[in-house]
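Take a look at the structure set out below.
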Amino acid sequence: MNQCLSLEELLKNNHDFKKLNPSLVNIRRALDCFDNPHADYPSVIVAGTNGKGSVCTFLEQLSLHYTDLKVGKFTSPHLLSVTERIKIQAKDIDENILASILFEIQEKLDFELTYFEKLSLAAYLYFSREKVDLAIIEVGMGGRWDCANVIPDEKRLATVITSIGLDHMQFLGDTVEKIRKEKEDIKRDLVPHFDYQDFGFGGSTQVRNYQLALEVFKSCIAKKTFDVDKELIFRSFKASYRARFEYNKDLNILIDAAHNVEAAEELSLHLQSNFKDSKIELHLAFLDKDYRSFVKALTADINFEKIFIYQLNSERASDLNKVRDDLKIDHQSLNIQKGSLSEIKKSDNLKVYCGSIYFCGEVLRAI
């Protein structure tokens with residue numbers, strides 16, 4: 001078999017979101033074939049609906065600035081390149097190294113793994129071979145059946161749950177309580193656990209995510225007491241974490257990966273706080289999400305000048321015409337049009353791009 005296969009070729013035929021199987025059997029079998037690399041270092045596991053990627057990145061930056069630890073981080077999904085998902089010392093895995101590991105997995109296993117299982121195994125192998133001192137692992141979806149939940153109890157430095165809302169309901173349940181139950185399966189009796197809902201954090205969304213990460217860091221990672229420079233950590237965070245309230249001044253656009261109701265509400269608050277005197281256009285594209293509730297939450301307290309709908313090139317993409325027709329029914333007074341990413345240029349109106357992480361990646365490519 002050709003060892004020069006591209007990342008796309010090595011991961012093809014495994015990206016069907018609809019074929020997710022609630023089982024950890026295959027990932028456990030695969031890990032066993034590679035002598036269980038996920039047991040070679042302590043890990044912090046972070047689950048939640050919104051904010052888990054931010055908490056992971058805050059933990060990463062705190063650890064890099066205030067310890068001598070070699071830190072790995074595994075998150076999902078990605079914006080521009082699959083290599084973004086696997087990092088050591090905040091640097092993406094080299095594309096050739098990832099391709100080599102995926103090829104090794106393909107050659108060694110005589111059974112099929114899903115897209116996410118392959119990447120999880122690749123991350124665990126990479127962290128082991130590079131001898132990280134700490135891995136920060138973001139749960140992809142849920143918790144009970146996620147690849148993060150194979151990490152041995154004795155290697156769980158801490159488990160964390162961020163804010164929980166309604167998302168992936170076809171897999172996790174149709175109420176917050178059912179979704180929480182799935183996510184809380186990462187907890188272990190003897191492992192320190194930090195739950196967003198147990199803290200009375202104040203401030204903006206990212207300030208609250210930072211405060212949660214700081215609690216975990218000081219309790220479980222740091223070995224001494226010291227003052228943390230919050231501004232330094234936020235500067236480092238913004239430099240390494242894209243599409244979260246990301247404002248491009250040159251183009252007067254804001255890109256945010258909000259794609260569920262809770263995130264839409266947070267984005268609305270951010271816009272009201274930071275752009276209250278601006279005329280705002282809303283630019284949207286969706287995968288298989290409840291876009292009607294999303295737009296309802298986002299438009300509840302903001303009068304948008306126009307709304308533009310885009311068609312994504314994905315099997316999971318919501319149909320542009322159906323989205324537009326549904327939104328015209330729900331919001332008869334709004335000016336709703338078809339959008340084109342070839343038309344991104346600066347205007348007096350603030351343009352807000354959101355609705356899908358995949359869409360945010362397309363926007364970043366276009367600018």
Only one of Gly173, Gly165 is modelled with pLDDT under 95 and either closer than 25 Å to Ser63 by Cβ or in contact with a Ser or Thr (Cβ under 6 Å, 6 or more places away or on another chain) (or both), namely Gly165
What are the pairs with Cβ atoms under 7 angstrom where one residue, in the stretch 177-194, is under 14 Å from Val160 (Cα atoms) and the other, located anywhere, is in a helix (DSSP H, G or I) and modelled with pLDDT under 95? Sequence gap at least six, or different chains. Glu182/Leu172
Yes or no: Leu5 modelled with pLDDT of 95 or more and either on the phi < 0 side of the Ramachandran plot or in a helix (DSSP H, G or I) (or both)? no
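Evaluate the following for Leu320: is it surrounded by 16 or more Cβ atoms within 10 Å (Cβ to Cβ), touching a residue at least 40 places away in the same chain (Cβ under 8 Å), under 23 Å from Gly361 (Cβ atoms) and among the aliphatic types (A, V, I, L, M)? If you could, list the steps in order and put the result at the bottom.
On the way: surrounded by 16 or more Cβ atoms within 10 Å (Cβ to Cβ): yes; touching a residue at least 40 places away in the same chain (Cβ under 8 Å): no; under 23 Å from Gly361 (Cβ atoms): yes; among the aliphatic types (A, V, I, L, M): yes.
Taking the combined requirement at face value, the residue does not satisfy it.
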Quick one: would you say Leu102 is touching a strand residue (DSSP E or B) at 6+ places or on another chain (Cβ under 8 Å), modelled with pLDDT of 95 or more, buried (at least 21 other Cβ atoms within 10 Å of the Cβ) and assigned to a helix (DSSP H, G or I)? no
Which condition breaks for Glu362 when tested against (1) touching a Lys or Arg at 6+ places or on another chain (Cβ under 7 Å); (2) part of a helix (DSSP H, G or I); (3) under 28 Å from Gln206 (Cα atoms)? (1)
Spot the failing condition for Ile357; the list is (1) out of contact with any Pro (no Cβ under 9 Å at 6 or more places or on another chain); (2) under 22 Å from Val176 (Cβ atoms), and only one is missed. (1)
Tell me, which residue of the stretch 180-210 that is of a type in the set (Ser, Thr, Tyr) and not in a loop (DSSP other than H, G, I, E, B) is surrounded by the most Cβ atoms within 10 Å (Cβ to Cβ)? Tyr210
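Run down Phe201, Phe127 and say which single residue is touching a Phe, Trp or Tyr at 6+ places or on another chain (Cβ under 7 Å) and either at positive phi or of a type outside the set (Gly, Ala, Ser) (or both). I'd like the intermediate steps shown before the answer.
Numbers: Phe201 fails: touching a Phe, Trp or Tyr at 6+ places or on another chain (Cβ under 7 Å).
Criteria check complete, one pass: Phe127.
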All-but-one check, Val132 against (1) out of contact with any strand residue (DSSP E or B) (no Cβ under 9 Å at 6 or more places or on another chain); (2) surrounded by 15 or more Cβ atoms within 10 Å (Cβ to Cβ); (3) assigned to a loop (DSSP other than H, G, I, E, B), failing number (1)
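Considering only the stretch 212-296, give the strands (runs of 3 or more DSSP E) lying wholly within it that have at least 3 residues that are crowded, with 20+ Cβ neighbours inside 10 Å. First the steps, then the outcome.
Details: elements: 246-248, 253-255, 280-284.
In the stretch 212-296, 253-255, 280-284 are the strands (runs of 3 or more DSSP E) which contain 3 or more residues that are crowded, with 20+ Cβ neighbours inside 10 Å.
Right, Phe58: touching a residue at least 60 places away in the same chain (Cβ under 8 Å) and in contact with a Cys (Cβ under 9 Å, 6 or more places away or on another chain) or not?
On the way: touching a residue at least 60 places away in the same chain (Cβ under 8 Å): yes; in contact with a Cys (Cβ under 9 Å, 6 or more places away or on another chain): no.
So Phe58 does not fit the description; no.
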From the list Glu343, Glu362, Glu305, which residue is acidic (Asp, Glu), farther than 18 Å from His259 by Cα and surrounded by 13 or more Cβ atoms within 10 Å (Cβ to Cβ)? Glu305
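The values are calculated or read from the model by the stated rules, or taken from the named source; none is laboratory data. All values derive from a computational prediction rather than experimental measurement. Don't worry about glycine lacking a Cβ; one is built from the backbone with ideal geometry, like all the others, and counts go over all protein chains shown.
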